[in-house]
Amino acid sequence: FPHVVRAAEPVFSTILNGLINKSWAPMQVNLTLIPVVAGVAWSCMTGFSIEMNVNAFIGAMVSNLAFSLRSIYMKNALKDKTACAAKNLDSANVYAVYTIFAFILSIPLAYYFEGEKLASEWPTITSKISELEIVKLNIITGLFFYLYNESASLALGNLDGVAHAVCNTVKRVVIMIAMVVSGIDPAMSTQKMTGAAVAIGGTLLYAVVKSNVANAEKAKTA
């Protein structure tokens, strides 16, 4: 269910980018987001049923809002190339800075919400896995998560917020296909394959339409 809601990230980015930057994409470009969102949502569903979970819905919507705002404001912060160069700030360094701040801010929250539970469950956890193994797994997952997000930040440096949101949404389908190809997951159902095809086709359509619109605008101003 959260993946279905998270598929709406490009819509959030389009609306917020328009409200914050007063920059609205042409209607024909916005319409190409429909197959992207619909395809990803369809591939993440099981039949026509969705198990509605209020907490999951709220969490996914907040995630859509947070990711969209992050992309927009990070892109705005990198607009002044001269100032960024003077401070040695590129998309990767900006991500590193706000990751440090996010880590510091999350410490008291993690302690407040999870500290007591972690303390009570720690003997049970360490009876099944050693403390050294826990540290090793945390380092490995943390490293890969950081590299994944740094790659996303580097991509954002070359894309606008909406295009980045489209890529971030379609990645769910790409991961799904990769899991099947690698043999980790069983073969995709017809529904998943249909949704994946629609989402990937919608992404291609988005890129083509956006490029054509940009070329048409350049021709007008030339």
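The values are calculated or read from the model by the stated rules, or taken from the named source; none is laboratory data. Remember, it's a predicted structure, so these values are computed and weren't measured experimentally. When we count neighbours, we look across all protein chains shown, and the Cβ atoms used for this are built from the backbone with ideal geometry, even at glycine. Surface accessibility is based on the protein's heavy atoms, side chains included, excluding ligands, DNA and RNA. Shrake-Rupley method; radii C 1.70, N 1.55, O 1.52, S 1.80 Å.
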- Query: Does residue 213 satisfy the criteria of being over 22 Å from residue 7 (Cβ atoms), open to solvent by less than 40 Å² (accessible area, probe 1.4 Å) and either assigned to a helix (DSSP H, G or I) or out of contact with any strand residue (DSSP E or B) (no Cβ under 8 Å at 6 or more places or on another chain) (or both)?
  - Reply: yes
- Message: Quick check on region 176-187. Is at least one of its residues surrounded by 10 or more Cβ atoms within 10 Å (Cβ to Cβ) and of a type in the set (S, T, N, Q)?
- Response: no
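Taking only region 144-154 into account, find how many residues are within 17 Å of residue 69 (Cβ to Cβ) and of a type in the set (Gly, Ala, Ser). If you could, list the steps in order and put the result at the bottom.
The first filter runs over region 144-154 and keeps only residues within 17 Å of residue 69 (Cβ to Cβ), leaving 149, 152-153.
Then keep just the ones that are of a type in the set (Gly, Ala, Ser); that gives 152-153.
Summing the residues that are within 17 Å of residue 69 (Cβ to Cβ) and of a type in the set (Gly, Ala, Ser) in region 144-154 gives 2.
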- Task: Hey, can you tell me all the residues within region 188-199 that are small (Gly, Ala, Ser) and crowded, with 18+ Cβ neighbours inside 10 Å?
- Result: 195, 196, 199
- Query: Based on what the data block shows, is residue 198 modelled with pLDDT of 80 or more, of a type in the set (Val, Ile, Thr) and touching a helix residue (DSSP H, G or I) at 6+ places or on another chain (Cβ under 9 Å)?
  - Reply: yes
- Task: Among what's in region 1-41 and is under 18 Å from residue 191 (Cα atoms) and open to solvent by 70 Å² or more (accessible area, probe 1.4 Å), pick the residue that is modelled with the lowest pLDDT.
- Result: 3
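Name the single residue, out of those in region 151-173 being over 12 Å from the mean Cα position of the chain (by Cα) and touching a residue at least 12 places away in the same chain (Cβ under 8 Å), that is farthest from residue 100 (Cα to Cα).
Looking at the filtered set, the residue picked out is 173.
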- Query: Name the residues in region 68-120 that are within 25 Å of residue 10 (Cα to Cα), of a type outside the set (A, V, I, L, M) and either assigned to a helix (DSSP H, G or I) or in contact (Cβ under 8 Å) with a residue 60 or more places away in the chain (or both), would you?
  - Reply: 68, 70, 71, 73, 75, 76, 90, 91, 93, 95, 98, 99
